[in-house]
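Please read through the structure below; I'll follow up with questions.
Since every read-out is calculated from the coordinates, none of them should be taken as a lab result. These figures come from a predicted structure and were not determined experimentally. FYI the Cβ positions are ideal-geometry reconstructions off the backbone, even for glycines, and counts take in every protein chain you see.
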Number of protein chains: 2
Amino acid sequence: MFEVLFSHLLEKILLTEEEKEIIKIFFIPKKLRKRQYLLQAGDVCKYLCFVGKGLLRSYNVDDKGEEHMNMFAWEGWWTSDMYSFFTGEKAIINIDALEDTELLMITQQAFEEMTLKVPKMDRYFRILFQNSLFTKERRLISSNTHTAEEKYINLVESNPALVKRVPQNLIASYLGLAPETLSRIKKNIAQRK
Amino acid sequence: MFEVLFSHLLEKILLTEEEKEIIKIFFIPKKLRKRQYLLQAGDVCKYLCFVGKGLLRSYNVDDKGEEHMNMFAWEGWWTSDMYSFFTGEKAIINIDALEDTELLMITQQAFEEMTLKVPKMDRYFRILFQNSLFTKERRLISSNTHTAEEKYINLVESNPALVKRVPQNLIASYLGLAPETLSRIKKNIAQRK
DNA sequence: GTAGTGGCTTGACCTGGATCAATTGTATTT
DNA sequence: AAATACAATTGATCCAGGTCAAGCCACTAC
């Protein structure tokens, strides 16, 4: 489990064996079965989670009971309701497992302590957040600028693995589309070839 | 100028006088007149900029020549094309001044050096990026979940100062709406009262 | 096997918001 | 103060994508 974590940390920072040992202490391993919840809206999000294996989805539910996908996380990704995790407010998103999943979880206090004991972790997360930030920036631009079909094509090009691994109705929701619309888009694209 | 910067840094981290002096060295002050560009799409974004005074907008232009607002930055905010700044790729966004503006700018190399000399700055930017990340997360959720009117009402409630300070057509664009649509929404809201 | 459950497709219809065009403010410039 | 240019409103029309409904195709469970 920890090998996966460290291989990701080492892409961005250098760590001594000693530091690795310190870091290990703060994490709690956990396994989730397919369909099992990691977080339910209304609860406080207690953990920031690193996915070692498997696939999670996070989504929120609106007043009408509709689900809206907001991100996926698999091997090497972090997930949580960031807002809830860092502020202690109630979460507005749900996270559950699309596949059997293995996690490393860390609490807010442990996170604080870890960054103080190993300041390099501030650097790691600075780079990590900075990267997600510009990904989100681009995604937001794309969602305002492009048509439904363009968004789908962009996604297939920028992240083909995701499209293969995740059910189509969730991809549709992730793109802000009705499942019927995505189905029609795929048909159109196929026919044009 | 630097007082504004330090007052913002000190909200998140503690700095010695010595560290402050080091940090100062890396920044370049700059003034912009209203309508002047800070960054044009196609150029590489050389600077990460802290706004000490004034107001900037960042937006991108699509294939059809339409402008799409993506964020505003005023006193105490940072702005840049994050992706371009950190990767050295060409920028896809434009940034220009909506009001006369005073900035503190830092290059990529200077940024790297600064974080190595003052590791607390990694912490500062970790927290900063983490906060923007969950703001963007919420905004993305909102943009997929809500109707045009709900988005506008949310914005007015969450950021009334922005709505007062920025021309209405830019607010419309920021929300992904046609200016006519926002005008009608405001009319509807006013009539219902 | 077959019953059930949930994802995917297809068709018919509807609607929120975009687009186009004209009119009226309201700043800025000379 | 007139001229110019841009911002906001209003009306009329249009369309991308949503909604509703029906049928189909896996899979899993018994």
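Rounded to whole Å, give me the distance from the Cα center of segment A:128-156 to that of segment B:175-191.
Spelled out, the Cα-based centre of one part sits 26 Å from the other.
Give the percent of DSSP beta bridges with both residues in segment B:2-118 that are antiparallel, rounded to the nearest 5.
Taking every DSSP beta bridge with both residues in segment B:2-118, the antiparallel ones total about 95 percent.
Going 7 Å from the Cα of B:Glu75 in the Cα-to-Cβ direction, what parts of segment B:87-130 have a backbone nitrogen less than 18 Å from that spot?
Backbone N within reach: B:98-104.
How much FRET efficiency would the formula 1/(1 + (r/R0)^6) give for A:Leu116 and B:Lys164, where r is the Cβ-Cβ distance and R0 is 35 Å, rounded to 0.05?
Values: r = 40 Å, r/R0 = 1.15.
Once rounded, the FRET efficiency stands at 0.30.
Taking every residue in A:112-125, how many Cβ atoms of other protein chains lie within 10 Å of its Cβ, on average?
Partner Cβ neighbours, averaged per residue: 3.
Exactly which trypsin sites (Lys or Arg not before Pro) in segment A:15-67 are in a DSSP loop and have at most 12 other Cβ atoms within 10 Å?
Answer by residue number: A:Arg33, A:Lys34, A:Arg35, A:Lys64.
Give A:Lys117/B:Lys20; A:Lys136/B:Lys20; B:Lys30/B:Lys53; B:Lys53/B:Lys120; A:Lys12/A:Lys117 a once-over and call out the pairs whose C-alpha atoms are over 20 Å from each other. Write out the running numbers ahead of the final one.
Working: A:Lys117/B:Lys20 23 Å; A:Lys136/B:Lys20 32 Å; B:Lys30/B:Lys53 11 Å; B:Lys53/B:Lys120 25 Å; A:Lys12/A:Lys117 18 Å.
Distance filter (> 20 Å) returns A:Lys117/B:Lys20; A:Lys136/B:Lys20; B:Lys53/B:Lys120.
Loop-only GluC sites (Glu not before Pro) in segment A:1-84, please: DSSP not H, G, I, E or B, and at most 13 other Cβ atoms within 10 Å.
Working: sites: A:Glu3, A:Glu11, A:Glu17, A:Glu18, A:Glu19, A:Glu21, A:Glu66, A:Glu67, A:Glu75; in loops: A:Glu11, A:Glu66, A:Glu75.
Hits after loop and neighbour filter: A:Glu11, A:Glu66.
Under 8 Å for C-alpha pairs, at least 6 residues apart: give me the relative contact order for segment B:2-118, rounded to a whole percent.
Averaging sequence separation for qualifying contacts and normalising by length gives 38 percent for segment B:2-118.
Now a separate question. Per-residue ellipticity at 222 nm for chain B, helices alone: DSSP H runs ≥ 4 residues times -39500 (n - 2.57), over residue total, nearest 500 deg cm²/dmol?
On the way: 9 runs with 98 residues, N = 193.
Calculated mean residue ellipticity at 222 nm is -15500 deg cm²/dmol.
According to a simple spin-label model (label point 7 Å from Cα along Cα-to-Cβ), what is the distance in nm between B:Lys64 and A:Lys12?
3.8
Further, regarding this structure: Quote the relative contact order of segment A:92-193 in percent (integer), defining contacts as alpha-carbon pairs under 8 Å separated by 6+ residues. Don't skip to the end; give the middle numbers.
Working: 24 pairs, mean separation 14.3, N = 102.
It rounds to 14 percent for segment A:92-193.
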